[in-house]
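The values are calculated or read from the model by the stated rules, or taken from the named source; none is laboratory data. Fair warning: this is a prediction, and the values are worked out from it, not measured in the lab. Virtual Cβ from ideal backbone geometry, glycine too; neighbours counted across all protein chains shown. Please note that ligands, DNA and RNA were not included when accessible areas were found on the heavy atoms of the full protein model with its side chains. Shrake-Rupley method; radii C 1.70, N 1.55, O 1.52, S 1.80 Å.
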Amino acid sequence: MFTLAVALPIVSSVLGLYDHILHWGKLVHGLEGLLVAIMVGLLLLAWRDRESVALTDQLATLMTICVGIFTGVMWEIVEFVLDWVRYSDLQKSNSDTMTDLLWNDVGAIIGALLAARVYRHVVRANDRAEIGQNAAWLLDGPGRVLDRHGFLVSLIVVLLVAAAIVALWFAGRPVPGLGNG
């Protein structure tokens, strides 16, 4: 699923599908939201069962929806940054951006509900344990780093975001005090 979610926009660009099929981008955004939510939902539910965390199916599904929506928002921010810096035309208009977000949201909701349903009724117990082991492995390293250095990591992230915003603000513009060139 991860490979498909990454390959879908790349293959679509290479084949020119965005230019040749009306609203192809909307389909891609919806499918990406769906795939991300399915992946996150299965991992979260299996991790919960492995670690015996008191997290209901409903709350896990809501968290999965939020991750799917967040992924779509981050993708739109990437498109905005690329448009700003490279003068590309990924975001045609505000309506285009908002409908991309809405399609992603629909995909995330359907994916989260599907993941919860599949996890409960299709995935076998030994497969759940294997998915839970993979989820624990994915969370182990970052969890240890945040436990030991959470404040420092947060400070670094804030500084990187601030530096990126400043750099973007002056992308293609003269920097005050350094002249026009």
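Among the listed residues 61, 71, which satisfies the condition of being in contact (Cβ under 8 Å) with a residue 24 or more places away in the chain and over 11 Å from the mean Cα position of the chain (by Cα)?
It is 61.
If you check every pair at least six apart or on different chains, which have Cβ atoms under 8 Å apart with a residue in the stretch 108-130 that is outside any loop (DSSP other than H, G, I, E, B) first and a residue that is open to solvent by 100 Å² or more (accessible area, probe 1.4 Å) second?
129/50
For the condition closer than 22 Å to residue 66 by Cα, of a type in the set (Asp, Glu) and touching a His at 6+ places or on another chain (Cβ under 7 Å), what is the one hit in 100, 105?
Values: 105 fails: touching a His at 6+ places or on another chain (Cβ under 7 Å).
Of 100, 105, the one residue that is closer than 22 Å to residue 66 by Cα, of a type in the set (Asp, Glu) and touching a His at 6+ places or on another chain (Cβ under 7 Å) is 100.
State yes or no: is residue 54 open to solvent by 70 Å² or more (accessible area, probe 1.4 Å) and at pLDDT 90 or above?
yes
Based on what the data block shows, is residue 44 farther than 15 Å from residue 71 by Cα and either open to solvent by 40 Å² or more (accessible area, probe 1.4 Å) or among the basic types (Lys, Arg) (or both)? Steps first, answer last, please.
Values: farther than 15 Å from residue 71 by Cα: yes; either open to solvent by 40 Å² or more (accessible area, probe 1.4 Å) or among the basic types (Lys, Arg) (or both): no.
Criteria not met by residue 44.
Inside the stretch 104-121, can you point out the residues that are crowded, with 24+ Cβ neighbours inside 10 Å and either touching a Phe, Trp or Tyr at 6+ places or on another chain (Cβ under 6 Å) or within 9 Å of residue 33 (Cα to Cα) (or both)?
Correct list: 104, 107, 108, 111.
Condition check: part of a helix (DSSP H, G or I), hydrophobic (A, V, I, L, M, F, W, C), surrounded by 19 or more Cβ atoms within 10 Å (Cβ to Cβ) and touching a residue at least 24 places away in the same chain (Cβ under 8 Å). Does residue 85 satisfy that? Full working, then the answer.
Working: part of a helix (DSSP H, G or I): yes; hydrophobic (A, V, I, L, M, F, W, C): yes; surrounded by 19 or more Cβ atoms within 10 Å (Cβ to Cβ): no; touching a residue at least 24 places away in the same chain (Cβ under 8 Å): yes.
Against the criterion (part of a helix (DSSP H, G or I), hydrophobic (A, V, I, L, M, F, W, C), surrounded by 19 or more Cβ atoms within 10 Å (Cβ to Cβ) and touching a residue at least 24 places away in the same chain (Cβ under 8 Å)), residue 85 does not qualify.
So is residue 13 part of a loop (DSSP other than H, G, I, E, B) and among the hydroxyl-bearing types (Ser, Thr, Tyr) or not?
Details: part of a loop (DSSP other than H, G, I, E, B): no; among the hydroxyl-bearing types (Ser, Thr, Tyr): yes.
Taking the combined requirement at face value, the residue does not satisfy it.
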